[in-house]
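See below for the structure under consideration.
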Amino acid sequence: MSRREFVSLLGGVAAWPFAAFAQQSERVRRVGVLLAAYSETDRAGQARIGAFLKALQSLGWDDNRNIRIEYRWGAGNIERLQTFAAELVQVAPDAIIAAGDPALTQLHRLKGTIPIVFTQVSEPVDSGFVTSLARPGGNITGFQNFEPAMGGKWLGVLKEVAPSLKRVGVLFSSDAAPHASFLRAAENVAPSLNVAVAVIDIQGGCEIC
């Protein structure tokens, strides 16, 4: 998928739950947006917001008329995300968009009832955010950004690049459910590639240094 297609997809999938509101009264709706990875000055983040606004406008929502959007930019900082998630829940918008696993994690921990739509989340089922993708249950729904089987695909690509490859190191966090899914896929494929997988459990970013 190209970057342009991805940006358009993000805008579209994040906007769809609001389509049902479009024919209702002109009461100003409030929507919170919590972005995990981007700061307000990041061009990639602004591009995604631009796609989101364009999709909303196509559904009849105008941020100068019938909708007000509260943005919170996490910039990859967990403490900021914790603070911003609590702020958005306190504001009590009609819905919240959570972009990224860390953003959804912080909102999920607050055990609120505000409808949440997630994007860019790797393993929402194993992470305990939803019961299943088909029937998520609760107040959270959205779209998974990676298929866990990619873990095995990545290992296959490495083998193609280096046919003599016999041993692969995997940086892995046992606290992260998406990591576990990718690791299982890689370990399942490894015997057929005659490759051994060595796992290095990383519990914090500082351990990588």
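The values are calculated or read from the model by the stated rules, or taken from the named source; none is laboratory data. Everything quoted here is computed from the prediction, not taken from an experiment. Heads up, the Cβs are rebuilt from the backbone with ideal geometry, glycines too, and the neighbour counts pull from every protein chain shown.
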Exercise. Within region 101-115, track down each residue that is in a loop (DSSP other than H, G, I, E, B) and touching a residue at least 12 places away in the same chain (Cβ under 8 Å).
Key: LEU110, GLY112, THR113, ILE114, PRO115
Quiz item: Do you know which residues across region 132-141 are modelled with pLDDT under 95 and buried (at least 16 other Cβ atoms within 10 Å of the Cβ)?
Solution: PRO136
Exercise. Find all pairs meeting these conditions: Cβ atoms under 6 angstrom apart; at least six residues apart or on different chains; first residue within region 52-67 and within 13 Å of ALA95 (Cβ to Cβ); second residue among the β-branched types (Val, Ile, Thr).
Key: TRP61/ILE67
Quiz prompt | Boolean, LYS159 is among the charged types (D, E, K, R), within 27 Å of ALA44 (Cα to Cα) and part of a helix (DSSP H, G or I) | solution = no
Quiz item: Failed condition for GLY11, given (1) at pLDDT below 95; (2) assigned to a loop (DSSP other than H, G, I, E, B), with all others met?
Solution: (2)
Quiz item: Restricted to region 41-92, and to residues that are in contact with a helix residue (DSSP H, G or I) (Cβ under 7 Å, 6 or more places away or on another chain) and among the charged types (D, E, K, R), which residue is surrounded by the most Cβ atoms within 10 Å (Cβ to Cβ)?
Solution: ARG48
Exercise. Among the candidates PHE129, PHE118, PHE182, PHE146, single out the residue that is surrounded by 15 or more Cβ atoms within 10 Å (Cβ to Cβ), among the aromatic types (Phe, Trp, Tyr), part of a loop (DSSP other than H, G, I, E, B) and under 18 Å from the mean Cα position of the chain (by Cα).
Key: PHE129
Quiz item: Across region 147-175, what is the total count of residues that are in contact with an Asp or Glu (Cβ under 8 Å, 6 or more places away or on another chain) and among the hydrophobic types (A, V, I, L, M, F, W, C)?
Solution: 1
Quiz item: How many residues are outside any helix (DSSP H, G or I), at pLDDT below 95 and aromatic (Phe, Trp, Tyr) when one looks only at region 52-100?
Solution: 1
Self-check item: Boolean, GLU26 is surrounded by fewer than 14 Cβ atoms within 10 Å (Cβ to Cβ), more than 18 Å from the chain's Cα centre (by Cα) and modelled with pLDDT of 95 or more
Solution: no
